[in-house]
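Visitor: Right, I'll just put the structure down here and ask away after.
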Amino acid sequence: MRTAGAAATALCLATASHAQSAGSFFATAGWFHLAPQDSSDPLKITSVGGNPVNITVPNTGAGVSSADTAGFTVGYFITDHIAAEFEFGVPPEFDVNGTGALSRYGKLGTVREWSPALLFKYFFLAPQSKFRPYVGIGVTRTSFSNAKITNGDFEARALGGPTTAEASTVWSPVFNVGATYAFSDHWFAGFSVSFIPQSTTGTFTTQSQTPVGTLTRKAEAKITLNPIITYLRVGYRF
């Protein structure tokens, strides 16, 4: 009986170890909170009617709101301590607000962000440990879609007419810390915090009405985002 009990205990420990050890896969679902630590350069008019200009509009800028969205992860333990993860989420929508002289307009528009990330994480403690903190590093490709000017007063007075907007796609590093807690051999919960040093350039194309007719005016502004992202999730290890 003693031998049988020892064998059963060893089997349980082996099963728990396998769930967090080399060769195991896992998937998670949870909630991202994105909090930009934003700042902005002044708006710069780059061309009017196709003619290059370089006019900076002083004391102008924009800020970006926080946002929440559903997030998902798939991952694989390369070794007992190193895992590769692919994180992605439903693209959240951010409000873009005026700063400086543009603050009187309040909300200027909205934009959606797509930012899947590939991370490599180092897990501390033994594979069979219930609680495992980790540190990670990775890369994300962030693109923006559905950029819209929603403030007609800002569009008419500050930009000078109907305007389309877009933001540049950027590659950025991701720095990550977190921990997981195993409820069983397969189910676990996790929490992480990531920091992404990141900036993008917003470009605005305006059909400006002038005494000589409609002129196309282009302007741009660099916005530093530097988001801090928290991720609360529940996962299953295979």
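Here, each number is a calculation from the coordinates, and none is a lab measurement. All values reported here derive from a predicted model rather than from experimental measurement. For neighbour counting, all protein chains shown are included, and Cβ atoms are generated from backbone atoms with ideal geometry for every residue, glycine included.
Visitor: Report the extension gain between Thr69 and Ala22 in nm, rounded to one decimal, defined as 0.36 nm multiplied by the number of residues separating them, less their alpha carbon distance.
Guide: Result: 13.9 nm gained on full extension.
Visitor: Here's something else I'd like to know. Which lysines does Lys130 reach when only Cα atoms under 21 Å apart count, and residues fewer than 8 places away in its own chain are ignored?
Guide: Straight-distance partners of Lys130: Lys121.
Visitor: What residues of the stretch 171-208 lie in the reach of a label at Phe238, counting those whose backbone N is under 13 Å from a point 7 Å from the Cα along Cα→Cβ?
Guide: Within reach of a label on Phe238: no residues.
Visitor: Could you work out how much longer the chain between Thr224 and Trp114 gets when fully extended? Use 0.36 nm per residue separation minus the Cα distance between them, nm to one decimal.
Guide: 38.0 nm
Visitor: Divide by every residue of the chain the summed helix terms, -39500 (n - 2.57) for each DSSP H run of at least 4, and state the resulting mean residue ellipticity at 222 nm, rounded to the nearest 500 deg cm²/dmol.
Guide: Result for the chain, helices only: -2500 deg cm²/dmol.
Visitor: Starting from the amide H of Val53, placed 1.01 Å from N in the peptide plane, find each other amide H under 5 Å away whose residue is 5 or more places distant or on another chain.
Guide: Correct list: Ser47, Val48.
Visitor: So if I take the centroid of the Cα atoms in the stretch 177-238 and the same for the stretch 95-152, what is the distance between those two points in Å?
Guide: What the calculation gives is 3 Å, centre to centre.
Visitor: Tell me which label goes with the value of log10 I(q)/I(0) by the Debye sum over Cα atoms at q = 0.11, 0.14, 0.17 Å⁻¹ computed from the coordinates here: (i) -0.52, -0.87, -1.33; (ii) -0.63, -0.93, -1.25; (iii) -0.66, -0.87, -1.11.
Guide: Here the calculated entry is (iii).
Visitor: Using a Cα-Cα cut-off of under 13 Å, which aspartates and glutamates could be cross-linked to Lys222, ignoring same-chain neighbours fewer than 8 residues away?
Guide: By straight Cα distance, Lys222 reaches Asp38, Asp41, Glu166.
Visitor: Angle check, please: helix 2-19 long axis (alpha carbons) against the longest principal axis of the chain (alpha carbons), in degrees 0 to 90, nearest 10.
Guide: Orientation of helix 2-19: about 10 degrees from the principal axis.
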